[in-house]
Amino acid sequence: MIKNYFKIGWRNLRKNKVFSSINILGLSLGMAACLLILQYVNFELSYDHFNKNASNIYRVVNDRYQNNKLIQHGTITYSAVSKAMKDDYPEVQNYIRVLPGGNQILIYKDKKIPKENSLFVDNAFFSMFSYPALAGDLKSALKDVNTVVLSETTARKIFDIHNNNFDPYIGKLITVSQDTFPSKVVAIIRDVPENSILQFDMLQSYQTLIHSYGYKQAEYDFTDSDFWHYIQLKDGVDYTTFNAKMDAFSQKHFQGNKISGSVEKFYLQPLLNVHLYSDTEYEIGQTGSATVVWGLLIIALFIIGIAWVNYINLATARSVERAKEVGVRKVTGATQGQLIRQFLTESFIINIIALAIALIMVYLAQNIFNELVQHQLSFAYLFKKGLGGYLVSIGLVALILAGIFVSGFYPAFVLSAFKPILVLKGKFSNSKKGAFLRKGLVIGQFAITVVLITGSFVVYKQIKFMNAQKLGVNIDQMLVINGPVFVKQDTTFVARANAFVAELDQIPGVKNAASSFWVPGNEMGRNFGIRRPENDPNMHFTMRFDGVSRDYMKTYGMQLVAGRAFVATDYNPSFNKLHNLILNQNAVKELGFASPQAAIGRTMLNGTSKWDIVGVVADFHQKSLRYPIEPTILEPAINIQSPISIKISAQNVSATIAAIKTKYQSFFPGNLFDYSFLDEQFNAQYKNDELFGKAFSIFGSFAILIACLGLLGLSLFATIQRTKEIGVRKVLGASVSNIVLLLSKDFIKLILIAICIAVPIAWLILHHWLQDFAYRITISWWIFGLAGGLAVIVALVTISFQAIKAAAANPVKSLRSE
């Protein structure tokens with residue numbers, strides 16, 4: 001019997017090639033898009049699930065308040081915090097402190113390996129996190145001073161390992177950057193998975209930080225807030241209940257704001273939420289966007305839903321054509337159950353063929369999609385453990401099975417319910433309920449497509465707005481080179497730094513050069529104890545700060561609105577002797593000066609240090625336009641290891657870079673020359689938003705194409721059903737345009753209704769999305785008009801293709817065919 005179902009189903013598939021092709025193409029496009037999106041979604045949801053203790057690991061987040069205002073919402077805090085939590089609360093099973101070591105140069109004999117990302121961590125790191133060892137004992141790997149753990153790739157690079165035997169390299173001594181002492185390799189681990197929030201090439205013992213580098217505040221301190229903390233709660237402890245105890249913790253250790261000058265509030269963030277649900281500053285790793293992930297998942301469901309709607313629409317629309325077949329089958333003894341199984345089998349065949357084609361499409365498009373999302377994804381990511389366990393994997397299988405069943409069951413139920421006597425007497429016609437359902441589904445399809453079209457326009461416009469906005473700093477053609485690592489920090493470093501910049505200025509193609517602690521796009525540091533001496537001593541302000549060289553403002557084209565720029569006499573190798581500074585306009589306003597000119601020559605306090613305001617610069621964007629401009633201080637401070645910004649000409653770029661490299665190597669021999677272009681770094685902040693925009697555009701196009709395939713099928717069927725009517729109308733003098741209008745107007749009405757439904761939905765979604773940006777566009781009415789107009793045009797072209805063909809046919813043939 002089952003074999004017979006498949007045989008009849010295959011025959012019907014071949015008999016109706018046009019409708020079968022439209023169904024299969026629409027379904028395969030929908031499934032392919034869905035499978036690609038789900039790869040990315042499950043990858044993003046899988047972050048840190050490889051850790052066996054993941055459900056009990058939490059990150060400490062620290063909020064700071066001054067004058068009842070949130071001034072910092074970040075992940076860095078004081079070195080003592082996690083140990084104090086362990087001492088105070090029995091619910092805490094374990095803790096680790098983390099301090100990024102930055103990109104280090106590893107030296108072994110005469111080999112130098114650059115840009116190896118390092119973290120200083122406690123020995124408990126490997127008992128909390130799950131990173132498999134290839135060699136060495138992880139239990140006590142980082143217990144001693146001057147010990148390191150290397151990743152597999154780093155170990156292979158530095159020791160030239162070409163086999164899988166890593167044991168001989170345990171105990172080897174390497175030098176890290178400019179250390180005067182060697183570090184012992186105590187373990188080698190597998191490379192950190194891509195879906196880990198903590199990314200590193202090397203781990204250094206936290207004790208090295210304290211004892212070899214002499215960073216005593218790293219031991220137990222409530223003054224320097226440069227540390228990240230992870231704690232592990234005992235099984236069964238609810239972190240929300242634990243968070244309720246944090247006010248008492250803050251009051252005990254900070255006594256309100258008496259210790260740090262700020263009201264400190266702490267809470268725990270689940271490790272599994274960090275990647276997608278973080279809105280904190282000073283992130284230790286690359287975070288994603290829950291908006292992008294869930295938005296793409298919804299788009300995937302919309303696309304596959306549109307494809308299955310097409311199938312239902314076409315199958316039920318053809319019910320008249322198959323009515324006689326059902327009538328004959330029922331008269332000869334077929335039951336309704338047998339007919340339902342027959343039609344479900346046909347649905348199964350079409351969906352399976354579509355799925356097979358979709359898998360081929362995904363395979364062919366995989367590299368292009370990977371380039372879009374900037375990850376190396378594959379089919380394997382459809383079945384990885386993610387947020388909610390294997391929910392996405394189970395959901396994918398359930399979705400396909402449900403889609404096959406639902407898309408087949410309704411047509412099967414409709415077709416199998418025909419009354420054979422009425423059908424065979426020729427008294428059968430399509431039911432009003434069926435026609436109403438088809439119209440509703442078409443409206444739903446195009447409402448979704450209009451939302452996607454509108455979304456792609458708005459996201460594109462917002463990204464374009466952010467890229468075109470004047471930043472207050474000119475980052476075009478800005479080359480940034482890393483400062484030298486192997487260099488002495490003595491009393492001559494200011495003079496040497498200035499001499500190097502002066503040499504760069506002599507290179508043809510170099511317009512200006514300057515150094516700074518941070519470049520635009522980086523997170524600057526904060527000072528929390530800013531105030532005016534004549535004001536209330538308890539009234540403190542918080543401001544960003546950057547140390548810059550003399551030509552920094554000139555190099556970045558910053559506008560001086562009052563006072564003067566820095567001059568040579570403002571600088572001194574001893575930081576304690578610096579006393580002049582420049583504020584941005586936002587800082588002037590924060591301090592309560594009436595105007596930038598009114599601030600010149602006035603004094604402000606930073607903690608106990610006295611500073612004179614010598615200039616005011618126009619506000620500038622240090623970070624992306626997602627964030628507001630903050631009060632900022634520029635200090636005449638130089639660190640010879642700071643990045644150097646070089647404004648270069650657009651001509652002969654390669655020759656200019658080569659000349660810069662030569663100067664760099666002559667001034668700082670033994671250091672590695674490493675550079676990048678600042679605009680690429682700065683615009684990387686918009687990575688998630690650009691992905692969101694591209695996804696809207698690409699998959700929105702998929703949705704339009706699939707919806708149009710369904711519309712093409714429906715218009716084709718409607719034309720076939722009205723062949724005799726078209727012939728009669730033409731004989732009576734109707735023109736081609738009259739016939740096209742007749743066949744198109746019903747469909748266009750449905751599209752217009754879809755637009756009316758889509759507009760408020762699109763506005764609500766996109767208005768909510770734009771709230772994440774401090775600087776954003778307004779959603780203009782013409783965007784909705786453009787999206788709706790595009791939907792109407794595409795639909796009209798799709799319908800007209802078949803309508804014109806039918807209207808131009810010979811009416812004699814049309815009437816004879818009846």
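The values are calculated or read from the model by the stated rules, or taken from the named source; none is laboratory data. The structure presented is a predicted model; accordingly, all values stated were derived computationally and were not measured. Glycine gets a Cβ as well: all are built from the backbone with ideal geometry, and neighbour counts include every protein chain shown. Protein only, heavy atoms only, side chains kept; ligands, DNA and RNA dropped before computing areas. Shrake-Rupley method; radii C 1.70, N 1.55, O 1.52, S 1.80 Å.
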#### Entry: Loop-located trypsin sites (Lys or Arg not before Pro) in the range 235-304 whose Cβ has at most 12 other Cβ within 10 Å (DSSP)
258
### Summary
In the range 1-130, lysine pairs 8 or more places apart or on different chains with C-alpha atoms under 24 Å apart total 6
### Query
Which whole-number percent gives the relative contact order of the chain, counting Cα pairs below 8 Å spaced six or more residues apart?
16 percent
## Note on the structure
At q = 0.24 1/Å the base-10 log of I(q)/I(0) from the Debye formula over the alpha-carbon atoms of the range 7-64 is -0.96
### Estimated vicinal HN-Hα couplings, Hz - the range 234-249 in sequence order (Karplus 6.51, -1.76, 1.60; Gly, Pro = x)
5, 4, x, 7, 8, 5, 5, 5, 5, 4, 5, 8, 6, 5, 5, 4
## Note on the structure
From highest to lowest solvent-accessible area (probe 1.4 Å; ligands, DNA and RNA excluded), 228, 294 read 294, 228
#### Entry: 0 to 90° range, to nearest 10: angle between helix 319-331 axis and the chain longest Cα axis
60 degrees
#### Entry: For the range 505-599, alpha-carbon Rg relative to the globular expectation (2.2 N^0.38 Å, N residues)
1.23
### Task
Please arrange 220, 267, 206 by accessible surface area, largest first, computed with a 1.4 Å probe and ligands excluded.
220, 267, 206
### Query
Can you give the Rg and Dmax of the range 741-793 based on its C-alpha atoms, in angstrom?
14.2, 50
### Task
Express as a percent, rounded to the nearest 5, the fraction of DSSP beta bridges in the chain (both residues included) that run antiparallel.
80 percent
#### Entry: Kirkwood hydrodynamic radius (C-alpha pairs) into Stokes-Einstein, the range 187-309, 25 °C and 0.890 mPa s, D in µm²/s
131 µm²/s
### Task
Within the range 488-521, report the trypsin sites (Lys or Arg not before Pro) that DSSP leaves as loop and that have at most 16 other Cβ atoms within 10 Å.
488
### Message
For a quick check of understanding: with a 1.4 angstrom probe and all protein chains in place, what accessible area in square angstrom does residue 282 have, to the nearest ten?
### Response
30 Å²
### Query
Helix 391-416 sits at what angle to the longest principal axis of the chain, using alpha carbons and giving 0 to 90 degrees rounded to 10?
20 degrees
### Message
For the range 461-613, what does the relative contact order come out to in percent, with C-alpha contacts under 8 Å and a separation of six or more?
### Response
23 percent
### Query
What does the charge dipole of the chain about its Cα centre add up to, to the nearest 20 debye, if the Cβ of each Lys and Arg holds +1 and the Cβ of each Asp and Glu holds -1?
4780 debye
### Summary
Rg from C-alpha atoms of the range 1-134, normalised by the globular rule of thumb 2.2 N^0.38 Å, equals 1.98
### Query
Per the Kirkwood definition applied to all pairs of different Cα atoms, how many angstroms is the hydrodynamic radius of the chain?
31.6 Å
## Note on the structure
Once all protein chains are kept in place, residue 579 shows an accessible area at probe 1.4 Å, nearest 10 Å², of 90 Å²
### Message
Using the Cα atoms of the range 528-581, I'd like the radius of gyration and the largest Cα-Cα distance, Dmax, both in angstrom.
### Response
13.9, 38
## Note on the structure
Sorted by accessible surface (1.4 Å probe, heavy atoms of the protein chains only), largest first, 534, 635, 690 come out as 534, 690, 635
### Query
Do any chymotrypsin sites (Phe, Trp or Tyr not before Pro) in the range 486-536 lie in a loop, going by DSSP, with at most 15 other beta-carbon atoms within 10 Å of their beta carbon, and if so which?
486
## Note on the structure
Computed over the range 600-661, protein heavy atoms only, probe 1.4 angstrom, the accessible area per residue in square angstrom equals 36 Å²
### Summary
Rg/Rh of the range 58-133 (Cα atoms, Kirkwood Rh), to two decimals, equals 1.11
### Query
Can you give the accessible area of residue 401 in Å² (nearest 10), computed on protein heavy atoms with a 1.4 Å probe?
110 Å²
### Message
Whole-Hz ³J(HN,Hα) for each residue in the range 31-40, computed from phi via Karplus 6.51 cos²θ - 1.76 cosθ + 1.60 with θ = phi - 60°, x for glycine and proline: what do you get?
### Response
5, 4, 4, 5, 5, 5, 5, 5, 4, 5
#### Entry: Degrees separating the helix 687-721 axis from the principal Cα axis of the chain, which is the longest one
0 degrees
### Karplus-derived HN-Hα couplings along the range 600-612 (A = 6.51, B = -1.76, C = 1.60, θ = phi - 60°), whole Hz, x at Gly and Pro
5, x, 7, 10, 9, 10, 10, x, 9, 7, 9, 10, 9
#### Entry: Percent carbon-and-sulfur accessible area, the chain, ignoring ligands, DNA and RNA, probe 1.4 Å
58 percent
### Cα lying deepest toward the dipole's positive end in the chain, options 562, 175, 72, charges on Cβ
72
